[in-house]
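Chemist: I have a structure I would like to understand better, so I am pasting it below and will then ask my questions one at a time.
The values are calculated or read from the model by the stated rules, or taken from the named source; none is laboratory data. In this text, all values refer to a predicted model and were calculated from it rather than measured experimentally. Quick note on the areas: whole protein, heavy atoms, side chains included, nothing else; ligands and nucleic acids left out. Shrake-Rupley method; radii C 1.70, N 1.55, O 1.52, S 1.80 Å.
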Amino acid sequence: GGGIVEGSVILLGGEPGAGKSTLLLQLCGNVCGQAKVLYISGEESSSQIKLRAKRLGIDTHNLLIANETDISSVINTVREHRPDLCIIDSIQTMEVDGIPSSAGSVAQVRESASALTRCAKAEGIPMIIVGHVNKDGAIAGPKVMEHIVDTVLYLEGDRYLALRILRSAKNRY
């Protein structure tokens, strides 16, 4: 669609091991020269992300990395740092306080995605949210998440082959 739109929310789905996090780190490497990127991971530690970035030859001087799963803390971190791009890896690890279900449940994923979308729109910060695909080929958690975000992308391909396909299933732009 010509680029990442200010305040837009992009859902990047794919099977575990498809390369979503690696692709996003490569994107960080391409934009960190002229933009500040905040990469929030609920799955990997900061040191794991830094090791992968180093392996990929990515200069991380403009890449801020945080480990967090509490959605209120995530939003506070986004507002505090005001990045040019924010990446959430992944929605299945995020939790909204006050919802009695566990992370990854339908209610948690829906409410986390809604809160992140409100933040992105209010602050004008583009956000990419990673969502894992389940055995049925759907993004784990509710399909309703696709209705919350602006763009839905799927990274497809055999994890043991070098080729991948990035397919757009929805794009408001």
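Chemist: Residues of the chain: accessible area per residue at 1.4 Å, in Å²? Spell out each step's value before the answer.
Modeler: Values: 8480 Å² over 173 residues.
With the other protein chains kept in place, the chain gives 49 Å² per residue.
Chemist: With springs only between Cα atoms under 10 Å, which of 152, 106, 144 fluctuates most in a Gaussian network model of the chain?
Modeler: Answer for the Gaussian network model of the chain: 144.
Chemist: Pick from 40, 99, 71: which residue has the top mean-square fluctuation in a GNM of the chain where Cα pairs under 10 Å get a spring?
Modeler: 99
Chemist: Moving on to the next point. Any idea of residue 166's accessible area? Nearest 10 Å², probe 1.4 Å.
Modeler: 100
Chemist: Still on this structure, please answer the following. Carbon-plus-sulfur fraction of the accessible area of the chain, 1.4 Å probe, in percent? Spell out each step's value before the answer.
Modeler: Details: 4210 of 8480 Å².
About 50 percent, which is the carbon plus sulfur part of the accessible surface.
Chemist: Taking Cα pairs under 8 Å and at least six residues apart, what relative contact order does the chain come out at, in percent? Don't jump to the answer; show the numbers that get you there.
Modeler: Numbers: 345 pairs, mean separation 55.6, N = 173.
For the chain, the relative contact order is 32 percent.
Chemist: For region 2-73, what does the alpha-carbon gyration tensor say about shape, rounded, prolate or oblate, given a ≥ b ≥ c as the root eigenvalues, a/c under 1.5 as rounded, and a/b over b/c as prolate?
Modeler: Rounded.
Chemist: Among rounded, prolate and oblate, which fits region 53-104 when a ≥ b ≥ c are the square roots of the eigenvalues of its C-alpha gyration tensor, a/c under 1.5 means rounded, and a/b larger than b/c means prolate? Don't skip to the end; give the middle numbers.
Modeler: Working: a/c = 3.72, a/b = 1.78, b/c = 2.09.
Verdict is oblate for region 53-104.
Chemist: Still on this structure, please answer the following. How much accessible area does residue 50 have with a 1.4 Å probe, in Å² rounded to the nearest 10?
Modeler: 120
Chemist: Quickly estimate the mean residue ellipticity at 222 nm for the chain, helices only: each DSSP H run with n ≥ 4 gives -39500 (n - 2.57), and the total goes over all residues, rounded to 500.
Modeler: -9500 deg cm²/dmol
Chemist: If you consider only alpha-carbon coordinates, what radius of gyration and Dmax does region 91-173 have, in Å?
Modeler: Just the Cα atoms of region 91-173 yield Rg and Dmax of 13.8, 42 Å.
Chemist: Right, here's the next one. From the square roots a ≥ b ≥ c of the eigenvalues of the alpha-carbon gyration tensor of the chain, which class results: rounded (a/c under 1.5), prolate (a/b over b/c), or oblate? All intermediate terms of the calculation are to be shown ahead of the outcome.
Modeler: Values: a/c = 1.31, a/b = 1.07, b/c = 1.22.
Here the chain falls in the rounded category.
Chemist: Which of 54/143; 20/143; 20/121; 50/143 have a Cα-Cα distance over 26 Å? It would help to have the intermediate numbers written out before the result.
Modeler: Details: 54/143 35 Å; 20/143 19 Å; 20/121 23 Å; 50/143 32 Å.
Pairs exceeding the cut-off: 54/143; 50/143.
Chemist: Sorted by accessible area (1.4 Å probe), largest first, how do 121, 36 line up? Could you put the intermediate results ahead of the total?
Modeler: Working: 121 95, 36 65 Å².
Final ranking, largest accessible area leading: 121, 36.
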